[in-house]
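Written out below as structure tokens is the structure these notes cover.
The values are calculated or read from the model by the stated rules, or taken from the named source; none is laboratory data. Nothing here was measured: the structure is a model prediction, and the numbers come from that model. In this analysis, Cβ positions are derived from the backbone assuming ideal geometry, glycine residues included, and neighbour counts consider all displayed protein chains.
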Amino acid sequence: MPTATSISLPHIVVVGGGAGGLELATKLGDTLGKRGRARITLIDRSRTHLWKPLLHAVAAGALRRSQHELNYLAQAHWHHFTYRYGEVIGVERVEKSLAIAEMRDDEGRVITPECRLSYDTLVMAVGSITNDFGTPGVGEYAIPMETPEQASRFNRRLVNAFLRANTQAEPVRPGQLHVAIIGAGATGTELAAELHNTVRTVISYGLERIDPTRDAHIVVIEAADRILPALPERLSSSALALLQSLGVEVRTRARVARVGADGVFLVDGQLIPAELVVWSAGVKAPDFLKDFGGLEVNRINQLAVLPTLQTTRDPDIFAIGDCAYCLLPDGSAAIPPRAQAAHQMAAHVFRQIQARLAGHPLKQFHYRDFGSLVSLGQYSTVGSLMGSLISGNLFIEGMVARFVYRSLYKMHEAALHGRAATFWRSLLFRASERPSPAVKLH
């Protein structure tokens, strides 16, 4: 039961436990929460956190969720904030309260009831979801890559498909073991490279009736004129060359009309046979933000924010990460939905909240683009680095790029656990690794 003292403390609520939201809640808990200066609450409809750039590796079976997931309840206990399991469905801005839907288990029993939660400062960090642009058949036949559960579901379907093909009486049907990845952004491109290794590894574990060259096939479908269209062209060209060297088919300037049980239909009438389809062609903010307390949103539901990261119609509500529509200082474009942007926004809002509590004016957010990295599984990593120490744009690949890519994840871990703890956790993880298959087989 909260005490009268705790109730009188400023209540800061963070909605969404992705990269930005969890980092922010942890920092606030370690400072304001630990010192008794504010109450911090994190709300999320999941029980655990997984760094989103790792989802393609989970889907390919190259990474085990259990080794990288973080339990919200434990993190809250260790870092002096409160975790509430629930899904925010509305806000009353006048009375400053959130509507939280009830959560039920797989058997239909209520875990947490419907309720309202008051706040003094609200930070929306709900990330993004797949944008299927209304394409018919996507919901029925394609798997998105939004959550760890979806990534694990795809991995199970992939392994089951190969087990089924190896034991069936008839030969492998055309398209039966084909994977179509719609969308050649970072997720789609990284997944294609990882799957090339996964398919051959799974077959090598005794599936002698399947020929990896004849029966298995991966195709990437992209509407733009090149893969990784949002990234520098040199990076795109390098990634394309690697995919083609692996035998991955890449279709650019290919627009999808619909997805069916037998494959992907293009607008020109072509059918690309595939019984496994992944949709990674676009993102949008969650649909409930369309009518979230009358706040201003753009066409993909992102909350419009001022340079301070406060929403345009309510100074007590901030938005960070993929769900925030924040223009660059020159107004030329919006800040891209990347992990580095969420990390920087979380750090900025942390300082903004401290300034608000101290009665100091808020400062504008300045995004720094440090470049882009794309992990192509065990084969390579390619990227471009930018920053004050580099004149222009430095292209990197191979071991150097892989080291930088891994260091980004370590930076995220350090924000959640501290640098010393992250260092020792990495050493202990290496020492405790047990022999296991090269990819997840169940």
Would it be correct to say that residue 262 is farther than 20 Å from residue 189 by Cβ, surrounded by fewer than 19 Cβ atoms within 10 Å (Cβ to Cβ), assigned by TED's automatic domain parsing to the domain that holds residue 179 and over 23 Å from the mean Cα position of the chain (by Cα)? yes
Select, from 317, 300, the only residue that is modelled with pLDDT of 95 or more, under 30 Å from residue 125 (Cβ atoms) and assigned to a loop (DSSP other than H, G, I, E, B). 300
Considering the stretch 186-234, residues that are within 29 Å of residue 372 (Cβ to Cβ) and among the acidic types (Asp, Glu), and then whichever is nearest to the chain's Cα centre (by Cα), we arrive at 190
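Could you say which residue among 62, 74 is closer than 29 Å to residue 409 by Cα and touching a residue at least 24 places away in the same chain (Cβ under 8 Å)? It would help to see each step written out before you state the result.
Values: 74 fails: touching a residue at least 24 places away in the same chain (Cβ under 8 Å).
When all the criteria are applied, what remains is 62.
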Answer yes or no: is there a residue in the stretch 304-311 that is outside any loop (DSSP other than H, G, I, E, B), among the polar types (S, T, N, Q) and crowded, with 19+ Cβ neighbours inside 10 Å. yes
Among (1) within 23 Å of the chain's Cα centre (by Cα); (2) under 24 Å from residue 121 (Cα atoms); (3) β-branched (Val, Ile, Thr), the one test that residue 312 misses: (1)
Can you report the number of residues in the stretch 333-373 which are assigned to a loop (DSSP other than H, G, I, E, B) and closer than 20 Å to residue 122 by Cα? 7
Pairs with Cβ under 8 Å, 6+ apart, first in the stretch 224-236 and in the same structural domain as residue 189 (by TED's automatic domain parsing), second of a type in the set (Lys, Arg): 224/253; 225/253; 233/226; 236/226
Odd one out for residue 19 among (1) under 20 Å from residue 148 (Cα atoms); (2) in contact with a strand residue (DSSP E or B) (Cβ under 6 Å, 6 or more places away or on another chain); (3) buried (at least 18 other Cβ atoms within 10 Å of the Cβ); (4) not charged (D, E, K, R): (2)
Any residue at all in the stretch 170-179 that is assigned to a strand (DSSP E or B) and of a type in the set (A, V, I, L, M, F, W, C)? yes
So residue 409 ticks every box in (1) of a type in the set (Phe, Trp, Tyr); (2) at pLDDT below 70; (3) under 26 Å from residue 58 (Cβ atoms) but one. Which box is left unticked? (2)
Restricting attention to the stretch 339-360, does a residue exist that is of a type in the set (Val, Ile, Thr) and surrounded by fewer than 21 Cβ atoms within 10 Å (Cβ to Cβ)? no
For residue 121, are the conditions met, namely being in contact with a strand residue (DSSP E or B) (Cβ under 6 Å, 6 or more places away or on another chain) and within 25 Å of residue 352 (Cα to Cα)? yes
In the stretch 39-88, the residues that are buried (at least 21 other Cβ atoms within 10 Å of the Cβ), of a type in the set (A, V, I, L, M), more than 26 Å from residue 294 (Cα to Cα) and touching a Phe, Trp or Tyr at 6+ places or on another chain (Cβ under 8 Å): 59, 76
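With respect to residue 269, determine if the residue is free of Cβ contacts under 8 Å to residues at least 24 places away in the same chain and out of contact with any His (no Cβ under 9 Å at 6 or more places or on another chain).
Yes: the conditions hold for residue 269.
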